[in-house]
Protein chains: 2
Amino acid sequence: MITVLSGGVGAARLLRALSLEMEADQINAVVNVGDDLVLNGLTICPDLDTITYTLAGLNNDELGWGLRAETWRVMDELEQLGGSSWFRLGDRDLATHLYRSQRLHEGATKTDVTRELCAHWGVRVRLLPATNDPIETVFDTEIGTLSFQEYFVRHRHDVVVRAISVVGAKDAQPTPEVLDALRNCERIVIAPSNPLISIDPILQVPEIRDLLRARRRDVVAVSPLINGAALKGPADRLLRENGYEVSGEGVARFYEGLIDTLIIDESDREEAPSIERHDVKVKVTTTHMADPLNASRLATTVLE
Amino acid sequence: MITVLSGGVGAARLLRALSLEMEADQINAVVNVGDDLVLNGLTICPDLDTITYTLAGLNNDELGWGLRAETWRVMDELEQLGGSSWFRLGDRDLATHLYRSQRLHEGATKTDVTRELCAHWGVRVRLLPATNDPIETVFDTEIGTLSFQEYFVRHRHDVVVRAISVVGAKDAQPTPEVLDALRNCERIVIAPSNPLISIDPILQVPEIRDLLRARRRDVVAVSPLINGAALKGPADRLLRENGYEVSGEGVARFYEGLIDTLIIDESDREEAPSIERHDVKVKVTTTHMADPLNASRLATTVLE
């Protein structure tokens with residue numbers, strides 16, 4: 001059994017690759033909920049949804065998010081009404097959020113809802129929200145305080161970030177399922193998600209961080225950088241703005257004391273010595289998962 | 001200027017007929033919000049929406065509610081997910097609720113949102129939620145306590161009602177716009193809506209009731225009964241279950257002390273003497289508004 005700390009897209013691809021190499025129900029994903037939001041009253045869990053849709057084979061590759069064969073009837077109408085539509089909600093996607101909001105209102109937890117949605121779509125990987133307590137990643141930026149989705153979607157992460165905080169994390173409890181998954185797995189994997197805004201909100205939950213520290217020798221992280229840059233998204237920029245080098249070494253410093261091994265891409269091979277200085281072992285492989293063969297190789301390396 | 005106390009469908013038709021007989025912007029509608037609900041996080045105002053859609057010419061005549069040319073993409077998907085779908089939300093209709101929920105979240109009032117939606121659709125009748133305070137019509141029934149929509153939609157008003165209460169009404173304030181509309185109009189009209197569940201939640205707001213009592217001689221009500229029965233919905237049944245005769249006299253008793261005149265349908269002409277015993281004048285006309293000529297005749301009678 002393995003447990004993968006997961007953000008959105010990068011984690012979804014790694015989980016898909018892993019599920020081809022081992023029994024899917026032996027894979028736990030502890031998923032970031034710091035960027036969850038309540039929009040117009042609807043509770044939306046972008047990372048959980050991205051992973052669920054991807055593992056169900058329903059992800060929209062053209063957009064890079066949401067569901068395939070999506071339609072935009074509600075959104076078109078909302079725009080006509082002059083409503084705010086920077087956070088695009090497809091018709092099919094909306095049904096997911098309505099279902100979740102309905103079930104939460106009935107007293108279900110995010111863990112319950114996630115299990116139900118996975119069962120509906122035949123997703124056998126165990127997706128586990130890191131916590132059912134409210135936590136919220138907030139950005140102090142040059143243009144003021146922004147919520148995660150304001151920063152990421154509305155402003156396309158194109159503003160200078162002074163500080164990131166995860167409100168509520170210090171008081172948040174991991175769910176029993178998460179504790180079980182972290183305690184009883186053979187290996188803990190940190191997905192190649194954004195360290196600062198996808199993985200850190202999970203690590204800021206004190207019990208999760210303590211568990212990782214205690215199991216450090218079983219923890220392997222996959223660097224989100226390839227050839228010294230983020231494939232997509234603001235990981236490189238945020239590392240720099242937060243005082244870390246944009247390199248395998250920067251990632252190793254960020255995870256210092258929590259990981260045993262860092263997996264880096266072949267293109268960053270020469271960074272190995274600088275990473276090892278931080279008491280972190282290095283494995284080199286291909287980490288660019290757009291190519292299924294690379295993805296399979298990465299999955300195999302993760303499981304070695 | 002006239003002001004019409006309004007529920008949903010019956011009021012919408014009267015308002016449409018009135019707007020053909022006089023300047024639409026001289027008509028105020030004080031609209032019931034006792035059956036508003038928050039469903040899956042979305043704030044829905046069925047009576048306001050029914051009137052808005054009807055006056056915009058967008059009402060769905062086949063269904064009797066909602067928007068014409070509606071599609072059900074989100075609802076179909078929600079049903080697939082196993083979500084609760086007894087309260088049907090069309091795709092276009094959902095955009096209305098998303099817009100409203102968004103604006104309320106931003107700090108707008110229901111009054112603001114209603115004005116914005118009316119402006120968008122070119123509705124010139126001034127629709128005014130009776131109050132912006134939270135009030136909720138609740139049914140004590142043979143199968144337990146039900147919310148308005150559970151009673152009306154989910155159980156198709158096919159259960160015995162022991163008591164109706166409007167939670168919050170005693171502490172609710174009418175909006176300034178409502179007070180102005182009730183104080184400064186020439187005539188106050190009570191639409192042929194259900195007296196117990198559409199009009200009474202408005203009348204239970206103390207300041208509104210007091211104003212009606214004070215202006216009693218300017219108040220005319222249209223009976224919702226035709227030939228001794230409700231055209232649609234549970235008005236007759238609820239009158240009986242609450243100790244009122246199902247007749248013009250029952251309606252007159254229900255509005256006793258609040259109205260000067262009751263307009264009844266020709267088919268109930270012989271009830272006039274029993275109504276007049278309650279110090280209520282009677283006017284007889286055709287109140288069945290499916291026929292535009294009847295509707296016009298009723299509007300003219302109301303304005304006489």
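The values are calculated or read from the model by the stated rules, or taken from the named source; none is laboratory data. In this text, all values refer to a predicted model and were calculated from it rather than measured experimentally. Neighbour counts run over all protein chains shown; Cβ positions are idealised from the backbone, glycine included. In case anyone asks, the SASA skips ligands and DNA or RNA and just uses the protein heavy atoms, side chains included. Shrake-Rupley method; radii C 1.70, N 1.55, O 1.52, S 1.80 Å.
List of remarks:
- Residues satisfying the stated conditions in the range A:57-67, i.e. on the phi < 0 side of the Ramachandran plot and either away from chain B (no Cβ under 12 Å) or acidic (Asp, Glu) (or both): A:59, A:60, A:61, A:62, A:63, A:65
The rows are residues; the columns are (1) closer than 30 Å to residue B:152 by Cα; (2) in contact with an Asp or Glu (Cβ under 8 Å, 6 or more places away or on another chain); (3) among the hydrophobic types (A, V, I, L, M, F, W, C).
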residue: B:244; (1), (2), (3): yes, no, no
residue: B:268; (1), (2), (3): yes, no, no
residue: B:272; (1), (2), (3): no, no, yes
residue: B:282; (1), (2), (3): no, yes, yes
residue: B:290; (1), (2), (3): yes, no, yes
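- The numbered conditions (1) among the aromatic types (Phe, Trp, Tyr); (2) modelled with pLDDT under 95; (3) closer than 23 Å to residue B:245 by Cβ are all true for residue B:148 except (3).
- Of all residues in the range B:186-199, those satisfying the criterion of being touching a helix residue (DSSP H, G or I) at 6+ places or on another chain (Cβ under 8 Å) and over 14 Å from residue B:14 (Cα atoms) are B:186, B:187, B:195, B:196, B:197, B:198.
- Tallying residues that are of a type in the set (A, V, I, L, M, F, W, C) and within 11 Å of chain B (Cβ to nearest Cβ) within the range A:19-46 yields 4.
- Qualifying residue in the range A:251-261 (condition: under 27 Å from residue A:157 (Cα atoms) and of a type in the set (D, E, K, R)): yes
- Counted residues, the range B:234-281 - those being among the small types (Gly, Ala, Ser) and open to solvent by 30 Å² or more (accessible area, probe 1.4 Å): 2
Conditions tested, residue by residue: (1) aliphatic (A, V, I, L, M); (2) within 22 Å of residue A:173 (Cα to Cα).
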site	(1), (2)
A:77	no, no
A:91	no, no
A:94	yes, no
A:100	no, yes
A:109	no, yes
A:121	no, no
A:128	yes, yes
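- Top-ranked residue in the range A:20-45 [being closer than 20 Å to residue A:1 by Cα and among the charged types (D, E, K, R); ranked as surrounded by the most Cβ atoms within 10 Å (Cβ to Cβ)]: A:21
- Of note, residue A:197 satisfies the criterion of being open to solvent by less than 10 Å² (accessible area, probe 1.4 Å), under 27 Å from residue A:130 (Cα atoms) and in a helix (DSSP H, G or I).
- Any chance residue B:70 is in a loop (DSSP other than H, G, I, E, B), within 11 Å of another protein chain (Cβ to nearest Cβ) and charged (D, E, K, R): yes
- Selection count where residues are in contact (Cβ under 8 Å) with a residue 60 or more places away in the chain and not aromatic (Phe, Trp, Tyr), scope the range B:239-257: 2
- Being crowded, with 24+ Cβ neighbours inside 10 Å and either aliphatic (A, V, I, L, M) or without any contact (Cβ under 8 Å) to a residue 24 or more places away in the chain (or both) is true of residue A:4.
- Failed criterion for residue B:52 (all others in (1) within 12 Å of another protein chain (Cβ to nearest Cβ); (2) under 29 Å from residue A:70 (Cα atoms) hold): (2)
- Single unsatisfied condition, residue A:236 versus (1) in contact (Cβ under 8 Å) with a residue 12 or more places away in the chain; (2) closer than 24 Å to residue A:136 by Cα: (1)
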